[in-house]
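The values are calculated or read from the model by the stated rules, or taken from the named source; none is laboratory data. Quantities reported herein were computed from a predicted structural model and do not represent experimental measurements. Reconstructed Cβ throughout: ideal geometry from the backbone, glycine too, with neighbour counts over all protein chains shown. Ligands, DNA and RNA are excluded from the accessible area calculation, which covers all protein heavy atoms including side chains. Shrake-Rupley method; radii C 1.70, N 1.55, O 1.52, S 1.80 Å.
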Amino acid sequence: MTDEIADLRTRNSQATREAIGHAALRLAIEQGPNGLALVRVHDIAAAAGVSPRTYNNYFSSRGEAICAFQADQSKRAGKALRARPAGESLTEAITAAVIELYTDPEPDRAGLSMIMLTPELEGEALKAFTMAEGPLADAIAERTDDDGDLFPAVTAAAVAGAVRVAGRRWLEPGTNEPFAAILRRALSHVLPG
């Protein structure tokens, strides 16, 4: 019974974090990059249905809250790789895991644009994307039985960089190509042949 209660608390905590993050991003998109300073903690908390104190229990800044979805998604990179079939090559497994993680569903252009192209969010966005590196490096090390070399960490960092570059490319005006296709191409430049 204790495990069930702990699991329920974890799920409720994650749901609260997600609600705050979604509210913060939605309000930031509504205000636009030039109105980002108008997004207040009180407004985010109210939109998420929590108190400002609860908001502060989850996030230390508006930028962190706005980028929360991206950060949470990045943290799942290692789990996504571990879920791939053992018979796949490392390149196939990483490519499939990353494409599924970041494109199912296709990213929201307005949200990704706010996160990646707003100068005030630049540092938090970089932090959100690089959160994939540790968990992904651990999963690569497990898959390759190579935890003593630089290969897992360098590969994970290259993959995180490829995701960021693909996102910027997808957001360029006039780009009609699906994000998955751009991401696949970006990954092909950094993963072993």
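So what J values fall out for the stretch 122-128 if you push phi through Karplus, 6.51 cos²θ - 1.76 cosθ + 1.60 with θ = phi - 60°, rounded to Hz, Gly and Pro as x?
3, x, 5, 5, 4, 4, 4
With every protein chain left in place, what is the accessible area per residue of the chain in square angstrom, probe 1.4 Å?
Details: 10440 Å² over 193 residues.
So the chain comes to 54 Å² accessible per residue, rounded to a whole number.
What is the percent carbon and sulfur in the accessible area of the chain, measuring with a 1.4 Å probe over the protein chains and ignoring ligands? List each step's numbers first, then the result.
Working: 5470 of 10440 Å².
With neighbouring chains kept in place, the figure for the chain is 52 percent.
Given an 8 Å cut-off on Cα distances and at least 6 residues of separation, report the relative contact order of the chain as a percent.
Working: 210 pairs, mean separation 37.4, N = 193.
It rounds to 19 percent for the chain.
Using heavy-atom solvent-accessible surface (probe 1.4 Å) with all chains present, what is the largest-first order of 39, 154? Don't skip to the end; give the middle numbers.
Numbers: 39 5, 154 90 Å².
So, going from the largest accessible area down, we get 154, 39.
For residue 10 paired with residue 177, estimate the spin-label separation in nm (one decimal), with each label point 7 Å from Cα along the Cα-to-Cβ line.
So the label points at residue 10 and residue 177 sit 3.9 nm apart.
I'd like the distance between the alpha-carbon centres of the stretch 4-38 and the stretch 129-178, rounded to an integer number of Å.
Each part's Cα centre sits 25 Å from the other's.
Any chance you could give the angle, 0 to 90 degrees and rounded to 10, that helix 151-171 forms with the longest Cα principal axis of the chain?
Helix 151-171 sits roughly 60 degrees off the main axis of the chain.
Using 7 Å Cα-to-Cβ label points, what is the residue 83/residue 104 separation (nm, one decimal)?
So the label points at residue 83 and residue 104 sit 0.7 nm apart.
On a 0 to 90° scale, report how tilted helix 133-144 is relative to the longest principal axis of the chain, with both axes built from alpha carbons and the result rounded to the nearest 10.
30 degrees
Scan (1) 0.93; (2) 0.98; (3) 1.00 for the value of Rg/Rh (Cα atoms, Kirkwood Rh) calculated from this model and give just the label.
Label of the calculated value: (3).
How much FRET efficiency would the formula 1/(1 + (r/R0)^6) give for residue 91 and residue 122, where r is the Cβ-Cβ distance and R0 is 45 Å, rounded to 0.05?
Working: r = 30 Å, r/R0 = 0.67.
It comes out at approximately 0.90.
Can you pull the one-decimal nm distance between simple spin-label points at residue 142 and residue 51, each 7 Å off the Cα toward Cβ?
3.9 nm
Ignoring everything but the protein chains, give the 1.4 Å probe accessible area of residue 179 in square angstrom, nearest 10.
Rounded to the nearest 10, that gives 10 Å².
Pulled fully out, how much extra length does the chain show between residue 150 and residue 169, if you take 0.36 nm times their separation in residues and subtract their Cα-Cα distance? The partial results should precede the final answer.
On the way: separation 19, 0.36 × 19 = 6.84 nm, distance 2.82 nm.
That works out to 4.0 nm of additional length.
Taking the C-alpha atoms of the stretch 103-156, how large are the radius of gyration and the largest Cα-Cα span, Dmax, in Å?
Every Cα atom of the stretch 103-156 included, Rg and Dmax give 14.7, 41 Å.
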